[in-house]
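Engineer: Take this structure, written in structure tokens, and hold onto it; I'll ask about it next.
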């Protein structure tokens, strides 16, 4: 199992403990969709248990969802569609019985990075599976497997990815760079990233890394920024606590980038006072203290996030449903966030207000 006390895609015991602690605490969060991001529909995105928004998934280059359910891989039959077809499976014991910790499609759409989700940190691996090998009868094997702590990941190019992971038993999380090619290599490029792993995303030249669970100078939900060029070539790790802080929100897992240059964040923090849950956040890196809070599925839900570049929509996921938000034009978020802050409706990521439910189901 990939260790991280945040919203775990595979429904592990650690995530269950956090979820139970937070599910009862979100009755006062705002539920109305902001005007900057328009709720335009939804589609099913199945989950194996009630403690996760959805099972691990990613968006393919054609806009459809590829999802892992256990060791099986399921493909959405059409963009934003309600049905999925089993297109293959992961063979050779590549993942744990609970399924992978993550699946991430390479930018060129040719490969799938898979986190093994092994409970023992020393046994964790990241596997690279050619998508062309998917077969409904014969399980797919990895073309490359590297030893690495793997909780979440983002491709930085077609030949490299950055992976968050950690060993909760010793209270240490990190970011590794996995470089493919003839001689694949794993290099730790960020260390001391909290006690439990969080999400990771890239916006332009900047990498954002979240703390899934932490204390003191690296608390749960803290997001710090790193230079992508530096992490792409570094041979020694940077200290997480010395990097610039963007904000602190939820459990900073998962993280995703949208086309407006904003950061999407999901998860929950049961140890906050009061506990935080019941929304996903849209963060403008230029104005991180005024996020938009989206709660299309209600205030008692854990949320995941993703971005579909084909439809230009943010996906806000809760309870096995992906809610689709049209992305505003550049600058719309900043104007809207400033208006909210001025009116006193939303002054910080931890602000709470009376709820009103809003949601559209396709």
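Engineer: If you scan region 293-315, which residues turn out to be farther than 15 Å from residue 201 by Cβ and part of a strand (DSSP E or B)?
Structural biologist: We begin by selecting, within region 293-315, every residue farther than 15 Å from residue 201 by Cβ; these are 293-303, 310-313.
Result: 293, 294, 303, 313.
Engineer: Please specify each residue of region 146-184 satisfying the condition of being free of Cβ contacts under 8 Å to residues at least 24 places away in the same chain and more than 17 Å from residue 194 (Cα to Cα). Steps first, answer last, please.
Structural biologist: Applying the first criterion (free of Cβ contacts under 8 Å to residues at least 24 places away in the same chain) to region 146-184 yields 159, 170, 172, 179, 181-183.
Scanning region 146-184 gives 159, 179, 181, 182, 183.
Engineer: So for region 134-142 (the condition being more than 18 Å from residue 75 (Cα to Cα), touching a strand residue (DSSP E or B) at 6+ places or on another chain (Cβ under 7 Å) and surrounded by 15 or more Cβ atoms within 10 Å (Cβ to Cβ)), does at least one residue qualify?
Structural biologist: Yes, region 134-142 has at least one match.
Engineer: Checking residue 214 against (1) within 30 Å of residue 291 (Cβ to Cβ); (2) out of contact with any helix residue (DSSP H, G or I) (no Cβ under 8 Å at 6 or more places or on another chain); (3) at pLDDT 95 or above: exactly one of these is not met. Which one?
Structural biologist: (3)
Engineer: Among the numbered conditions (1) surrounded by fewer than 22 Cβ atoms within 10 Å (Cβ to Cβ); (2) on the phi > 0 side of the Ramachandran plot, tell me where residue 184 comes up short.
Structural biologist: Going through the list (1) surrounded by fewer than 22 Cβ atoms within 10 Å (Cβ to Cβ); (2) on the phi > 0 side of the Ramachandran plot, residue 184 breaks only (2).
Engineer: Being out of contact with any helix residue (DSSP H, G or I) (no Cβ under 9 Å at 6 or more places or on another chain) and touching a residue at least 60 places away in the same chain (Cβ under 8 Å) is true for just one of 123, 80. Which residue is that? Break it down into steps so the answer makes sense when it comes.
Structural biologist: Values: 123 fails: touching a residue at least 60 places away in the same chain (Cβ under 8 Å).
It is 80.
Engineer: Of the conditions (1) within 20 Å of residue 202 (Cβ to Cβ); (2) touching a strand residue (DSSP E or B) at 6+ places or on another chain (Cβ under 9 Å); (3) surrounded by fewer than 23 Cβ atoms within 10 Å (Cβ to Cβ), residue 320 satisfies every one except a single condition; which number is it?
Structural biologist: (1)
Engineer: Now for a separate question. Could you say which residue among 149, 112 is touching a helix residue (DSSP H, G or I) at 6+ places or on another chain (Cβ under 7 Å), buried (at least 22 other Cβ atoms within 10 Å of the Cβ) and in a loop (DSSP other than H, G, I, E, B)? Spell out the reasoning first.
Structural biologist: Details: 112 fails: in a loop (DSSP other than H, G, I, E, B).
Being touching a helix residue (DSSP H, G or I) at 6+ places or on another chain (Cβ under 7 Å), buried (at least 22 other Cβ atoms within 10 Å of the Cβ) and in a loop (DSSP other than H, G, I, E, B) holds for just one of 149, 112, which is 149.
The values are calculated or read from the model by the stated rules, or taken from the named source; none is laboratory data. Here the structure is a predicted model, which is why all the values come from computation and not from measurement. Ideal geometry is used to build each Cβ from the backbone, glycine not excepted, and the neighbour counts take in all protein chains shown.
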